[in-house]
Amino acid sequence: MNTSDLIVVGGGLVGTALAYGAARNGTRVTVLDEGDDAFRASRGNFGLVWVQGKGFGMTPYARWTMRSAAQWSQLAEALNADTGIDVQLRQPGGFHFCFSDEEMQAREARMRSISDALDGNYSFEMLDHASLKARLPGIGPAVAGASYTRMDGHANPLKLLRALHAACRHHGVRFAQGSRATRITPQAGGFEIEAGTATWHAPRVVLAAGLGNRELAPQIGLHAPVQPNRGQVLVGERVARFLDHPTTYVRQTDEGTIQLGDSLEDVGLDDGTTADVLSTIARRGVRSFPVLESLRLVRAWGALRVMTPDGFPIYQASTQCPGAFVVTCHSGVTLAANHAFSIAPWIAGSAGDGAPAGIESFSGDRFLNGNETFQHAH
């Protein structure tokens, strides 16, 4: 019989971080991974470990993001120790560029609002063009200024996904590839999960299936009204290093390639690319750093974020079906440390590990009020 202590539905960044966190504490874990015909949001990630600007309008999310960023070095070290894979974490602080005085004013108001809500425990700087150019000499004249926090960083998202899979196997996690969960039935002592031609059993189950959570959650008394939101990214050839800090629109990877992003598009399940959006991304990159004008582009992709109506994560235990959980977010890189070290022990029921403080703010039930409208703040 296919049994384990915990079944994780979903083998992306979120699911494998949960599986890793549970397995390293001794839990027997099986991951049901849909396969390469899934949308694979984890393979279209920009790679930021990003704090600044997050939590505007929802202070618990600002705290949650800061907590994960602070734990990220521990995650990188643990993965390296278990697998020998360096996920290339760098946290030198990051910049968000503004291209007009109006954008600068709006950005400062947003950052000030978050800082005030955290009683000032949120260090940031607003830099005019001259101050920014002193730190980033290659910045273009079109950039009016930037916000900066030392809390931001980046990592290689593909190496992170590979490391999580390898670390899971190191700790005995079983992967069932090509297993798309279609039905979850609560039973005495746990759950029966149908996936392809196989049936799986466990006393605990967590949904980390990205967009698939929407259909699966109601089967176990949960609510996860996620929608796709497309982002497009351009990748340039390897060039001599000129950018040591991550920014929201331009990033130089550990291998020297250039990533230019991104976009926010509500286009359903279309994960393709379009010339008009990519042109806008390219122009913004060149305005940011004129040296990129001669950059040769080698690749472009579109990927679908897993977006809740307000853009913030959902973490919830089912009261109707004890032992069932849902985890969904669009920041699988930034929040990976929280998922491995805080959420996984809660879900696995490790001795002494209750629900993480403040987790009640992220219940999916906040979307059940049909009279309330939401706007996601990416």
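The values are calculated or read from the model by the stated rules, or taken from the named source; none is laboratory data. These numbers were taken from a predicted model, which means no experiment stands behind them. Methodologically, a virtual Cβ is constructed for each residue, glycine included, from the backbone with ideal geometry; neighbour enumeration extends over all protein chains shown. Quick note on the areas: whole protein, heavy atoms, side chains included, nothing else; ligands and nucleic acids left out. Shrake-Rupley method; radii C 1.70, N 1.55, O 1.52, S 1.80 Å.
For this structure, a couple of remarks:
- Applying 1/(1 + (r/R0)^6) with R0 = 22 Å to the Cβ-Cβ distance of E108 and A70 gives a FRET efficiency near 0.35.
- Dipole check for the range 199-293: with +1 at the C-beta of Lys and Arg, -1 at the C-beta of Asp and Glu, and the Cα centre as origin, the magnitude is about 220 Debye.
- Sulfur and carbon atoms: percent of accessible area, the chain [1.4 Å]: 47
- Dividing the helix sum by the residues of the chain, where each DSSP H run of 4 or more adds -39500 (n - 2.57), gives a mean residue ellipticity at 222 nm of -8000 deg cm²/dmol.
- A full extension of the chain between V298 and S100 corresponds to an added length of 68.2 nm, given 0.36 nm per residue minus the alpha carbon distance.
- Signed unit charges on C-beta, dipole axis of the chain, positive-most listed residue G358, C329, P246: P246
- Only Cα pairs under 8 Å and 6+ residues apart enter the sum, and on that basis the relative contact order of the range 182-276 stands at 20 percent.
- Theoretical FRET efficiency, 1/(1+(r/R0)^6), r = Cβ-Cβ of D254 and T319, R0 45 Å, to 0.05: 0.55
- Rough spin-label spacing in nm, given labels placed 7 Å along Cα→Cβ, for E215 and R28: 3.0
- Residue-normalised accessible area of the chain, expressed per residue, 1.4 Å probe, Å²: 42
- Computed with a 1.4 Å probe on the full set of protein chains, the accessible area for E372 sits at about 90 Å².
- Pairs of Cα atoms farther than 25 Å apart, the range 236-349, %: 43
- Taking a quarter of the surface of the Cα convex hull of the range 140-232 gives a mean projected area of 10.5 nm².
- Value of D in µm² per second that Stokes-Einstein yields for the range 71-116, Kirkwood Rh from Cα pairs, at 10 °C (1.306 mPa s): 117
- Under the simplified labelling scheme, the A188-A275 pair shows an inter-label distance of 6.6 nm, with each label point 7 Å from Cα along Cα→Cβ.
- Remark: the L118-A355 segment gains 83.1 nm on full extension, using 0.36 nm per residue and subtracting the alpha carbon distance.
- Here the label points at R180 and R283, each 7 Å from Cα along the C-beta direction, are separated by 3.9 nm in the simple model.
- For the range 162-175, putting each phi into the Karplus relation 6.51 cos²θ - 1.76 cosθ + 1.60 with θ = phi - 60° gives couplings of 5, 5, 5, 4, 5, 5, 4, 5, 4, 9, x, 5, 9, 9 Hz, in residue order, rounded to whole numbers and with x for Gly and Pro.
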